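Peer 1: One structure coming up, written as structure tokens, with questions to follow.
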Amino acid sequence: MAGDGSYALVRQMMAMPFCHMHGPEHHVMVGAALLAAYKIAGGELDLEPALQEIASRGRYV
């Protein structure tokens, strides 16, 4: 997984005390980590609205 920023980001977020393995935050965090890694890698993306959309959709999973 060398160079995969999404993996490092999601591992860091999952280590935070508020994150529960089977909680709804998991659904949002994986998508957010992928979007952030894409943006960091140079992907063209308006990150803030994309993160808001991920959060909105993640509430219903």
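The values are calculated or read from the model by the stated rules, or taken from the named source; none is laboratory data. The structure displayed is predicted, hence computed values, not measured ones. Counting neighbours? That spans all protein chains shown, and the Cβs are built from the backbone with ideal geometry, glycine included. What goes into the accessible areas is simple: the full protein's heavy atoms, side chains included, and nothing from ligands, DNA or RNA. Shrake-Rupley method; radii C 1.70, N 1.55, O 1.52, S 1.80 Å.
Peer 1: Please work out the Kirkwood hydrodynamic radius for the chain, using every pair of different C-alpha atoms, and report it in angstroms with one decimal place.
Peer 2: On the way: mean 1/r = 0.0836 Å⁻¹.
Result for the chain stands at 12.0 Å.
Peer 1: Cβ neighbours within 10 Å, averaged per peptide: list 29-38, 15-24 in order, most packed at the top.
Peer 2: On the way: 29-38: 19.2, 15-24: 8.8.
Packing order, densest peptide first, comes out as 29-38, 15-24.
Peer 1: Estimate the FRET efficiency between R59 and A15 by the formula 1/(1 + (r/R0)^6), using the beta-carbon distance for r and 22 Å for R0, to the nearest 0.05. Walk me through the numbers on the way to the answer.
Peer 2: On the way: r = 23 Å, r/R0 = 1.03.
Efficiency at R0 = 22 Å is approximately 0.45.
Peer 1: How much mean residue ellipticity at 222 nm does the chain get from its helices, if each DSSP H run of length 4 or more adds -39500 (n - 2.57) and you divide by all residues, to the nearest 500 deg cm²/dmol? Don't skip to the answer; put the middle values down first.
Peer 2: Numbers: 3 runs with 38 residues, N = 61.
Computed mean residue ellipticity for the chain: -19500 deg cm²/dmol.
Peer 1: Something else now. Compute, for the chain, the length of the dipole vector about the Cα centre, with Cβ point charges of +1 (Lys, Arg) and -1 (Asp, Glu) only. Units Debye, rounded to 20.
Peer 2: Numbers: 4 positive and 6 negative charges, 42 e Å.
Roughly 200 debye, rounded to the nearest 20.
Peer 1: Would you mind getting the accessible area per residue of the chain, heavy atoms of the protein chains only, 1.4 Å probe, in Å²? Mind showing how you got there, number by number?
Peer 2: Working: 4590 Å² over 61 residues.
With all protein chains present, the chain gives 75 Å² per residue.
Peer 1: Here's another thing I want to ask about it. Taking all protein chains in place and a 1.4 Å probe, what share, in percent, of the accessible surface of the chain do carbon and sulfur account for?
Peer 2: Values: 2840 of 4590 Å².
Result for the chain: 62 percent of the exposed heavy-atom area is carbon or sulfur.
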